[in-house]
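Enquirer: Below you'll find the structure I mean.
The values are calculated or read from the model by the stated rules, or taken from the named source; none is laboratory data. Keep in mind it's a predicted model, so treat the numbers as computed, not measured. Neighbour counts run over all protein chains shown; Cβ positions are idealised from the backbone, glycine included. Just so you know, the surface numbers come from the protein's heavy atoms only, side chains and all, with ligands and any DNA or RNA stripped out. Shrake-Rupley method; radii C 1.70, N 1.55, O 1.52, S 1.80 Å.
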Amino acid sequence: MASMTENLPPASRKIATGKERQARIAGGVLIALAVLVGLVFAQGTVGDATFRLSRPNDPMAVPNLVVPAGPFTYLAAALLAFLGARQFLRGGVRWTALSLGFGLVLVVAAFLVWATAGKAFSLTGMLQATVVRAVPIALGGLAGVLCERSGVVNIAIEGMLLAGAFAGALVGSVLGGWGGLLAAVVIGGLFGFILAALVVTYKMSQIIAGVVINLFVLGLTSYVSSQVFQEYRHLNNAPVFRSIKIPVLGDIPVIGPVFFNQNIFVYGAVVMVAVATYYLFYTRSGLRTRAVGEHPRAADTLGINVYRIRYINVTLGGMVAGFGGAWFTLGSVGRFDEGMTGGRGYIGLAAMIFGRWHPVGALLAALIFGFADSLQQKLALLQTPIPSEFLAMAPYIATIIVVAGLIGRARAPAADGVAYEKE
């Protein structure tokens, strides 16, 4: 590689050298994962791992997936070692991300087979839980995309999710599920408007403004939950939206229960991602939004109202986050608990970064985080030797890996987080 880069200009040579170093680091990581799988998962693993693909009431049942645990883990270790050696020795810059992604899939598969050896495990149930648990993360990430594409960093997603969950429980207990859902969207939009006012009009630090909103919502909802809901329990007893099975599609084995037998929050998240993608990349308003996020002064000289664009997008982001917050109460348990969002807003920010500030990318990244979240719930039922506290750390460890840039770095909009002063 050195001979190939020595004739390049200094700037290009520096970029090529950095990519070469990244490829070698990825190779070292893959080799380390191969050692982990070979020494931890493969050693002493006996029996078959049985993955149930059908549920008792499924009209079209399919046979279980039976995997020999020992041979599979050894094969996974060998493939990881091959990928790692190839990356480390040949420096396959072009295939670095693909090799690392495939390697991580192999590690997860080997871990699942190791944990399920000699037992049975509902793979369909875990995938269904993955989609469900990805919903608030995906909506939080989508809220971040709408805000940051216009140049505003939204650290307040966590507070907006929590406010939506609280409003959904309170209003839903009085007016029913649809009233609670509307209230969650409105309250999320209200906090989005407040954030826009603080950072766009009053030029407050965007990070500090987001933290202020998070702390305010956390304190207010915790106080009401402990002082009001404890005495007036009927105000914290909202109905839960049930699953809606799509005819025919919902009966398809594996795919049907996972994608076509969900509640309105799952369907709503998919629709919102599609609408946001069309809005940002195929409409004039979306082009203006992206222009404001990249070069606000140039957009201003063309007659685009930078302030109005940012107000609209941050408010829309708050409404999306409010809808996502309602999932915690109206789509899950039907009641509000203190801090019940559990940091999903921050994980949503990580999904936004991992998805490269694209609605579809944020959704796909949210599915990865949702998988990590559901994995720790399901593996606790298998009584693995790993302590439950470590399993509960899985989604947050995945967040650290993504934010640290170990999967690859992404470029934020150029004006992201920068206050605009009109001349």
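Enquirer: Are any of the residues in the range 281-303 assigned to a loop (DSSP other than H, G, I, E, B), touching a residue at least 24 places away in the same chain (Cβ under 8 Å) and touching a Phe, Trp or Tyr at 6+ places or on another chain (Cβ under 9 Å)?
Expert: For the range 281-303, residues assigned to a loop (DSSP other than H, G, I, E, B), touching a residue at least 24 places away in the same chain (Cβ under 8 Å) and touching a Phe, Trp or Tyr at 6+ places or on another chain (Cβ under 9 Å): absent.
Enquirer: Would you check if there is a residue in the range 293-309 being surrounded by 13 or more Cβ atoms within 10 Å (Cβ to Cβ), under 30 Å from Gly334 (Cα atoms) and of a type outside the set (A, V, I, L, M)?
Expert: no
Enquirer: Looking only at the range 262-291, filter to residues that are closer than 25 Å to Ser54 by Cβ and open to solvent by 30 Å² or more (accessible area, probe 1.4 Å); which one of those is nearest to the chain's Cα centre (by Cα)?
Expert: Checking each candidate, the answer is Val270.
Enquirer: Same structure, new question: So which residues in the range 307-353 are in contact with a helix residue (DSSP H, G or I) (Cβ under 7 Å, 6 or more places away or on another chain), assigned to a helix (DSSP H, G or I), of a type in the set (A, V, I, L, M, F, W, C) and more than 18 Å from Tyr279 (Cβ to Cβ)?
Expert: Of everything in the range 307-353, those that are in contact with a helix residue (DSSP H, G or I) (Cβ under 7 Å, 6 or more places away or on another chain), assigned to a helix (DSSP H, G or I), of a type in the set (A, V, I, L, M, F, W, C) and more than 18 Å from Tyr279 (Cβ to Cβ) turn out to be Ala326, Trp327, Phe328, Leu330, Ile347, Leu349, Ala350, Ala351, Ile353.
Enquirer: I'd like to verify a number: residues in the range 161-177 that are closer than 9 Å to Leu330 by Cα and either of a type outside the set (A, V, I, L, M, F, W, C) or without any contact (Cβ under 8 Å) to a residue 40 or more places away in the chain (or both), how many?
Expert: 3
Enquirer: Using beta carbons and a limit of 6 Å, which pairs, at least six apart or on different chains, have the first residue in the range 226-255 and in contact (Cβ under 8 Å) with a residue 24 or more places away in the chain and the second one open to solvent by 70 Å² or more (accessible area, probe 1.4 Å)?
Expert: Short answer, once both residue conditions are applied: Asn236/Arg335; Asp251/Pro59; Asp251/Met60; Pro253/Met60.
Enquirer: Just give me the residues in the range 321-347 being within 17 Å of the chain's Cα centre (by Cα), farther than 19 Å from Tyr396 by Cβ and open to solvent by less than 10 Å² (accessible area, probe 1.4 Å), in sequence order.
Expert: Ala321, Gly322, Gly325, Ala326
Enquirer: Among the helices (runs of 4 or more DSSP H) lying completely within the range 41-155, list those that include at least 1 residues that are aromatic (Phe, Trp, Tyr), open to solvent by 60 Å² or more (accessible area, probe 1.4 Å) and without any contact (Cβ under 8 Å) to a residue 12 or more places away in the chain.
Expert: 69-90
Enquirer: Here is a list of conditions, (1) open to solvent by less than 60 Å² (accessible area, probe 1.4 Å); (2) modelled with pLDDT under 85, and Ile401 meets all of them except one; can you say which number that is?
Expert: Result: Ile401 passes all but (1).
Enquirer: Would you confirm whether or not the range 63-70 contains a residue that is over 14 Å from Leu112 (Cα atoms) and either of a type in the set (Phe, Trp, Tyr) or touching a Cys at 6+ places or on another chain (Cβ under 8 Å) (or both)?
Expert: Scanning the range 63-70 turns up no residue that is over 14 Å from Leu112 (Cα atoms) and either of a type in the set (Phe, Trp, Tyr) or touching a Cys at 6+ places or on another chain (Cβ under 8 Å) (or both).
Enquirer: Go through the range 198-211 and give me each residue that's in contact (Cβ under 8 Å) with a residue 24 or more places away in the chain and assigned to a helix (DSSP H, G or I).
Expert: The answer is Val199, Val200, Thr201, Gln206, Ile207, Ala209, Gly210, Val211.
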